[in-house]
Amino acid sequence: VKFTAQVSDLLNTAHVVLFVRFKSRQSDDISSEWTSIKMDTIGAGTYVHDLTAEEMKGGITFQNPWVQYQFVATKANTREIGRTDIFSERLSLLDCKPTPTPTLSPTPTVLKP
């Protein structure tokens with residue numbers, strides 16, 4: 001999933017950190033640890049990150065979990081200057097079900113006498 005964040009305070013924002021964790025669909029009380037990921041800046045107060053499940057802690061113990069996420073903006077000294085609410089039950093991780101790769105059959109050659 002590609003995450004993009006746009007900050008409103010360009011002068012004071014040095015970093016945006018993406019926090020993500022898995023949350024059980026069966027119980028509101030069960031979730032993994034938060035994983036923090038520093039997002040890349042592409043300029044003009046825009047930060048991006050392409051998230052993969054392998055980056056997150058505790059994914060093996062959950063089956064088809066929700067993915068909760070939150071953005072935190074910090075100054076250069078890592079002091080927090082703002083954060084979003086936690087986004088919950090908007091993004092889920094589903095099991096990968098491989099499908100056969102289609103192949104092309106060679107066109108039969110017709111021989112004429």
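The values are calculated or read from the model by the stated rules, or taken from the named source; none is laboratory data. Worth saying up front: this structure is predicted, and the values here are computed from it rather than measured. Counting neighbours? That spans all protein chains shown, and the Cβs are built from the backbone with ideal geometry, glycine included. Please note that ligands, DNA and RNA were not included when accessible areas were found on the heavy atoms of the full protein model with its side chains. Shrake-Rupley method; radii C 1.70, N 1.55, O 1.52, S 1.80 Å.
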Nearby lysines by direct alpha-carbon distance to LYS57 (threshold 30 angstrom, same-chain neighbours under 8 apart not counted): LYS2, LYS23, LYS38, LYS75, LYS97
THR101/GLU55 FRET efficiency (R0 22 Å; Cβ-Cβ; nearest 0.05): 0.25
Stretchable slack from VAL48 to SER92, in nm (0.36 nm times residue separation minus alpha-carbon distance): 13.9 nm
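With a 1.4 Å probe and all protein chains left in place, how much of the accessible area of the chain comes from carbon and sulfur atoms, in whole percent?
On the chain, the fraction of accessible area on carbon and sulfur atoms equals 53 percent.
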Accessible area (Å², per residue) of the range 1-97, counting only protein heavy atoms and a probe of 1.4 Å: 65 Å²
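Among 90-97, 5-12, 44-51, what's the highest-first ranking by average C-beta atoms within 10 angstrom per residue? Mind showing how you got there, number by number?
Details: 90-97: 9.8, 5-12: 12.9, 44-51: 15.2.
Sorting 90-97, 5-12, 44-51 by mean packing, highest first, produces 44-51, 5-12, 90-97.
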